[in-house]
Amino acid sequence: MYIPKAFEVTNQDEIFAFVEENAFGQLISTVNGRLFSSHLPFLIAEDKSRILGHLAAQNPQHGELDGREVLVSIEGPHDYISPSWYRGPGVPTWNYQAVHFYGQCRVLRDAKQLQAIVNALTAKYEAGFDAPWQPEYSATMLGAIVGIEITISEIQCKYKLSQNRPAEDRAQVIKELQAGGAVKLAEAMARNER
């Protein structure tokens, strides 16, 4: 992705914390010579060297993934920024946060590996409920999915949060975003000010 220096994020702890908070993204590869994207929740391995997830076995994407380079694209809060919010001249733009992971993909079909991925995803997303649901999947149900494991080879991270504007403009953008309900993006901008 195109990343001007003002928007580049290289701190690995920051990047992985962002991905933990915003782990739903796109798995991008080719199917029959055309770009193909599946929207999935992802898990980062404990050692932060791999990304895990799963696809429906009927999804044609998994047929061309094994041993291939793929792109995982994750985005966070985003919104339109009006030039009317600036004290000086400006142009319409969009503020956002995004991470791209490139890596080699391996397709997983082993029931124990699939169970581990499904259990980890369930534990993560059920944790906020008062009575978390506990998964119990039959072999037939697990046979309806394939796991994916992507060994990360490159990480790109961009936070386009008005860093190229004066402090007064950034403060006004935060205020306007809050007023318009884009609270998460306003919070991300405020964190970035520190």
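Each value in this text was obtained by applying a stated rule to the coordinates, not by laboratory testing. Keep in mind that what you see is a predicted model, and the values were worked out from it rather than measured. Counting neighbours? That spans all protein chains shown, and the Cβs are built from the backbone with ideal geometry, glycine included.
Brief remarks on what is shown
- Normalised contact order of the chain, rounded percent, pairs of Cα under 8 Å and 6 or more residues apart: 26
- Stretch gain in nm, segment Phe16-Ser49, where the contour uses 0.36 nm per residue and the Cα spacing is subtracted: 10.8 nm
- Segment Ser84..Thr30, full-extension length gain: 15.3 nm, with 0.36 nm per residue of separation and the alpha-carbon distance subtracted.
- In region 5-193, lysine pairs closer than 17 Å at Cα, eight or more apart or cross-chain: 7
- Cα-centre dipole for region 5-193 with unit charges at Cβ (Lys and Arg positive, Asp and Glu negative), debye to 20: 440
- Backbone N within region 35-61 under 15 Å of label point (7 Å from Ser153 Cα along the Cβ vector): 50-51
- Percentage, to the nearest whole number, of Cα pairs in region 1-126 over 24 Å apart: 38
- Here the simple spin-label model places points 7 Å from the Cα toward Cβ, and for Lys184 and Val91 these points are separated by 2.8 nm.
- Counting only alpha carbon atoms, the long axis of helix 12-21 and the longest principal axis of the chain meet at about 70°.
- Applying the criteria of a DSSP loop state and at most 10 other Cβ atoms within 10 Å to the GluC sites (Glu not before Pro) of region 109-181 yields Glu136.
- Loop-located chymotrypsin sites (Phe, Trp or Tyr not before Pro) in region 121-150 (DSSP state other than H, G, I, E, B) with a sparse environment of at most 11 neighbouring Cβ atoms within 10 Å: Phe129, Trp133.
- Those residues of region 84-118 whose amide nitrogen sits under 18 Å from the label point placed on Ala139, 7 Å along Cα→Cβ: 109-116
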